[in-house]
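So the structure is just underneath, and the comments pick up after that.
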Amino acid sequence: MSLFDDLKKSVFFQVPAGMATTLKHVFKPPITIRYPDVKRPVRYRYKGRHHLRRYDNGLEKCIGCSLCAAACPADAIFVEASENTDEERYSPGERYASTYEINMLRCIFCGYCEDACPTEAIQLGHDYELAYYDRASAIYTKGMLIDMPINGMPSTPRQTEPGVFTQSIPDMEDPK
Amino acid sequence: MTLLQQQGGSDTVQELTVEEVRAKYGTLMPIDDEENMLLSMGPQHPSTHGVLRLVVELDGETIVNLAPDIGFLHTGIEKSMENQTYLKAQVMTDRMDYLAPMSNNLGYVLAVEKLMGVGSTPRADAIRVLLVELQRVSSHLVWLATHALDIAAMSVFLYCFREREYILDLFEMVSGQRMMNTYFRPGGVWRDLPEEFGPALEQFLDFMPARMADYETLLKDNPIWLQRTKDIGIISGEDAISWGLTGACLRGSGVDWDIRKATPYCGYETYDFEVPLGTVGDVYDRYRCRIEEMWQSLSLIRQAWEKMPSGPVNIDDRKIVPPPRSELGSSMEAVIHHFKLWTEGFQAPKGYIYQAIESPRGEFGCYLRGDGSAKPARVHFRTPSYVNLACLPTLAKGTFVADLVAIIGSTDIVLGEIDR
């Protein structure tokens, strides 16, 4: 081992080299985010709080098939279905979810409900601030989960013409 | 009545005699000398990397004997998995080794595929290799960060977590979750890689070598680091084999054993990589092995990305993989398959298999027994941390108590995986 190698491995070289590496970062902008003021943007596929989606015409996508509840590994979802009529229509097809509850204390945000849903009704959105003061607030009901109708469309239930909304499962594209 | 008395104040460790402690906590540790001190390290000790309790017998500052006490993080994952279908049970594998969920997923998914007698597509295999190697880098970054922090090199900790954050962001891009991915599924992967993934990965591959060089500058030849790691916690190759060690703990002792080379899976035989080996088997050699592994992983990631084949990411077997969403609106058969798979799941044949993969910590094995139903009859995991922890007394005997944190750090254990 040469003298140069000895010198290179000595405290007099190594410690200043380490210090220089640390010092280099003093002049770089911080990578931390001031969280409550600045929120970290999430990615497109992020699995956050659930949303119950509507069609553009304002009808609910959920048909109350309970497939999300069956697919849930944590048993966090409870669905109760009721019959649609043309006088009081919530969703296309025969049935709609009259009760839809997700227990956010049980939910593990795996996204199986979204995969299992045959109508893209339930989707995991981008909200991640889900703190609450008591356990009862952890139960998200249908009213909390469902989106508002867009473009001034009427909400549900509503009266529809007979024989129009018969297909429960729509044509869909593969998710990105 | 104070809180301490309510909880049984006389039961605290300090007030019991050595024999009482041994009887109560069942460590069965023989005490050589009554003059020795019995010290309880943990379960909240910061350097145990989780809730591990070590009962240490000390003669002055020298460790005479040591007994790990585990089970504080027991979650009953193996038993719970018997009550879920094969697909639903997969979410629990994420939560065992929480620093390498992708590797756990891969071990389980490969086991299910082996039991079902199916494979995956070439593109899915390449994606799996890519993400598992990314996971290896991220897991080793946490190991390096905490290991260095234990030996009081704090800036390494900050830099390693910065890079790990980038990898977690890549995982979020791909799977929607930073840690509990559940991205690999039997028969392929959840969805194809998103478009934004490519540029982000290339950026990562561009900046990572320079960052790795920074860690090397801070630690590799640093005399303080060398003094804390060289010739400490030595285990010979023979001992390492007889203890059943795997991963960097085994390779640090110079034993050439890597599941990726020995029994390749996911097409590892088509990749060009080396298995880094140590010579002495001390803390420093294990450190070097993992760092070299990270370099190899970066090379593997690049290879997998460059040769990423096009094509489907799931096999075309409707009895295992749910049909694509675009078919549900038009095909009744697709709807039936979709409903059957998400309610009942697929039935695995009777029989049992064992599938091992090389997780960041060593050999991660999954034993699966099917009884013809849609739920596994028995799931067992051979987790590397559990086996590597067992040799801790051998490593630590005769060293100073201050070196114990270095030795624990160098075994790279994850308690979630040990207790599972």
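The values are calculated or read from the model by the stated rules, or taken from the named source; none is laboratory data. Because the structure is predicted, anything quoted here is derived from the model rather than measured. Positions of Cβ are backbone-derived with ideal geometry, glycine not excepted, and every protein chain shown enters the neighbour counts. Side chains are part of the model used for accessible areas, which takes the heavy atoms of the whole protein and leaves out ligands, DNA and RNA. Shrake-Rupley method; radii C 1.70, N 1.55, O 1.52, S 1.80 Å.
Which one of these is without any contact (Cβ under 8 Å) to a residue 24 or more places away in the chain and of a type in the set (Val, Ile, Thr): B:379, B:335?
Numbers: B:379 fails: without any contact (Cβ under 8 Å) to a residue 24 or more places away in the chain.
Every option except B:335 fails the conditions.
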Does at least one position in segment A:147-170 carry a residue that is more than 20 Å from residue A:90 (Cβ to Cβ) and either in contact with a strand residue (DSSP E or B) (Cβ under 7 Å, 6 or more places away or on another chain) or open to solvent by less than 80 Å² (accessible area, probe 1.4 Å) (or both)?
no
Go through A:116, A:121, A:97, A:138 for me and flag whichever is crowded, with 19+ Cβ neighbours inside 10 Å and touching a Phe, Trp or Tyr at 6+ places or on another chain (Cβ under 7 Å).
A:116
Any idea which of B:158, B:201 is of a type in the set (A, V, I, L, M) and buried (at least 16 other Cβ atoms within 10 Å of the Cβ)?
B:201
Within segment B:359-368, identify whether any single residue is surrounded by fewer than 21 Cβ atoms within 10 Å (Cβ to Cβ), in the same structural domain as residue B:99 (by TED's automatic domain parsing) and not in a loop (DSSP other than H, G, I, E, B), and answer yes or no.
yes
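Inspect segment B:394-415 for any residue being closer than 14 Å to residue B:93 by Cβ and modelled with pLDDT under 90 and give the result as yes or no.
Residues of segment B:394-415 that are closer than 14 Å to residue B:93 by Cβ, as a first pass: B:414.
Pick out the ones that are also modelled with pLDDT under 90 and you get B:414.
The answer is yes, given that some residue of segment B:394-415 is closer than 14 Å to residue B:93 by Cβ and modelled with pLDDT under 90.
Among the candidates B:294, B:308, single out the residue that is surrounded by fewer than 17 Cβ atoms within 10 Å (Cβ to Cβ), modelled with pLDDT of 90 or more and touching a helix residue (DSSP H, G or I) at 6+ places or on another chain (Cβ under 8 Å). Don't jump to the end; show me each part of the working.
On the way: B:294 fails: surrounded by fewer than 17 Cβ atoms within 10 Å (Cβ to Cβ).
So the residue among B:294, B:308 that is surrounded by fewer than 17 Cβ atoms within 10 Å (Cβ to Cβ), modelled with pLDDT of 90 or more and touching a helix residue (DSSP H, G or I) at 6+ places or on another chain (Cβ under 8 Å) is B:308.
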Give B:174, B:137 a once-over and let me know the one that is at pLDDT 90 or above, part of a helix (DSSP H, G or I), open to solvent by less than 10 Å² (accessible area, probe 1.4 Å) and within 9 Å of chain A (Cβ to nearest Cβ).
B:174
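Does residue A:103 satisfy the criteria of being in contact with a helix residue (DSSP H, G or I) (Cβ under 8 Å, 6 or more places away or on another chain), polar (S, T, N, Q) and more than 14 Å from chain B (Cβ to nearest Cβ)?
Working: in contact with a helix residue (DSSP H, G or I) (Cβ under 8 Å, 6 or more places away or on another chain): yes; polar (S, T, N, Q): yes; more than 14 Å from chain B (Cβ to nearest Cβ): yes.
Yes; evaluated as a whole, the condition is true for this residue.
If the requirement is being farther than 14 Å from residue A:61 by Cβ, of a type in the set (S, T, N, Q) and in contact (Cβ under 8 Å) with a residue 12 or more places away in the chain, which of these qualifies: A:156, A:160, A:119?
Working: A:156 fails: farther than 14 Å from residue A:61 by Cβ; A:119 fails: farther than 14 Å from residue A:61 by Cβ.
A:160 is the lone residue from the list that is farther than 14 Å from residue A:61 by Cβ, of a type in the set (S, T, N, Q) and in contact (Cβ under 8 Å) with a residue 12 or more places away in the chain.
Listed residues B:164, B:128; which is more than 14 Å from every other protein chain (Cβ to nearest Cβ) and modelled with pLDDT of 90 or more? Walk me through it before giving the result.
Details: B:164 fails: more than 14 Å from every other protein chain (Cβ to nearest Cβ).
B:128 is the lone residue from the list that is more than 14 Å from every other protein chain (Cβ to nearest Cβ) and modelled with pLDDT of 90 or more.
Condition check ((1) out of contact with any Phe, Trp or Tyr (no Cβ under 8 Å at 6 or more places or on another chain); (2) outside the structural domain of residue B:245 (by TED's automatic domain parsing); (3) open to solvent by less than 10 Å² (accessible area, probe 1.4 Å)) across all residues:
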residue: B:327; (1), (2), (3): yes, yes, no
residue: B:341; (1), (2), (3): yes, yes, no
residue: B:355; (1), (2), (3): no, no, no
residue: B:370; (1), (2), (3): no, no, yes
residue: B:412; (1), (2), (3): no, yes, yes
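I'd like the residue in segment A:19-48 that is more than 13 Å from chain B (Cβ to nearest Cβ) and of a type outside the set (Phe, Trp, Tyr) and, out of all such residues, is most open to solvent (accessible area, probe 1.4 Å). Quick ask: steps written out before the conclusion?
In the first step, residues of segment A:19-48 are kept if they are more than 13 Å from chain B (Cβ to nearest Cβ); the result is A:27, A:34-39.
Next, only the ones that are of a type outside the set (Phe, Trp, Tyr) stay: A:34, A:36-39.
Numbers: A:34: 179, A:36: 103, A:37: 128, A:38: 74, A:39: 109 Å².
Ranking the candidates gives A:34 first.
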Where residues in segment B:142-155 are of a type outside the set (A, V, I, L, M) and open to solvent by less than 10 Å² (accessible area, probe 1.4 Å), which of them is farthest from the other protein chains (Cβ to nearest Cβ)?
B:143
From the residues in segment A:49-62 that are open to solvent by less than 20 Å² (accessible area, probe 1.4 Å) and closer than 29 Å to residue B:196 by Cα, which one is nearest to the other protein chains (Cβ to nearest Cβ)?
A:50
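Residue-wise test of (1) away from chain B (no Cβ under 11 Å); (2) under 21 Å from residue A:45 (Cα atoms); (3) over 18 Å from the mean Cα position of the chain (by Cα).
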{"position": "A:64", "(1), (2), (3)": "yes, no, yes"}
{"position": "A:75", "(1), (2), (3)": "no, no, no"}
{"position": "A:85", "(1), (2), (3)": "yes, no, yes"}
{"position": "A:92", "(1), (2), (3)": "yes, no, yes"}
{"position": "A:97", "(1), (2), (3)": "yes, no, yes"}
{"position": "A:110", "(1), (2), (3)": "no, yes, no"}
{"position": "A:113", "(1), (2), (3)": "no, yes, no"}
{"position": "A:122", "(1), (2), (3)": "yes, yes, no"}
{"position": "A:126", "(1), (2), (3)": "no, yes, no"}
Going through (1) in contact (Cβ under 8 Å) with a residue 60 or more places away in the chain; (2) touching a helix residue (DSSP H, G or I) at 6+ places or on another chain (Cβ under 6 Å); (3) open to solvent by 50 Å² or more (accessible area, probe 1.4 Å); (4) more than 14 Å from chain A (Cβ to nearest Cβ) one by one, residue B:233 fails only at (3)
Kindly list the number of the only condition in (1) touching a helix residue (DSSP H, G or I) at 6+ places or on another chain (Cβ under 6 Å); (2) at pLDDT 90 or above; (3) under 30 Å from residue B:241 (Cα atoms); (4) open to solvent by less than 10 Å² (accessible area, probe 1.4 Å) that fails for residue B:384.
(1)
Check segment B:222-230 and report whether any residue there is in contact with a helix residue (DSSP H, G or I) (Cβ under 9 Å, 6 or more places away or on another chain), polar (S, T, N, Q), within 22 Å of residue B:94 (Cβ to Cβ) and not in a helix (DSSP H, G or I).
no
Listed residues A:35, A:44, A:96; which is over 30 Å from residue B:88 (Cβ atoms) and out of contact with any Leu (no Cβ under 6 Å at 6 or more places or on another chain)?
A:35
Any residue in segment B:178-187 that is of a type in the set (A, V, I, L, M), within 20 Å of the chain's Cα centre (by Cα) and open to solvent by 30 Å² or more (accessible area, probe 1.4 Å)?
yes
Residue among B:265, B:287, B:271 that alone is buried (at least 23 other Cβ atoms within 10 Å of the Cβ) and either in the same structural domain as residue B:220 (by TED's automatic domain parsing) or basic (Lys, Arg) (or both)
B:287
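Looking only at segment B:283-319, how many residues end up being of a type in the set (Lys, Arg), closer than 25 Å to residue B:200 by Cβ and not in a helix (DSSP H, G or I)? So that I can check it myself, show each step before the final result.
Step one: of segment B:283-319, the residues of a type in the set (Lys, Arg) are B:286, B:288, B:290, B:302, B:307, B:318-319.
After this cut, where a residue has to be closer than 25 Å to residue B:200 by Cβ as well, the list is B:290, B:302, B:307.
If we keep only those that are not in a helix (DSSP H, G or I) too, we end up with B:307.
Selection size over segment B:283-319: 1.
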Please enumerate the residues belonging to segment B:71-84 that are within 12 Å of residue B:43 (Cβ to Cβ) and touching a strand residue (DSSP E or B) at 6+ places or on another chain (Cβ under 8 Å).
B:72
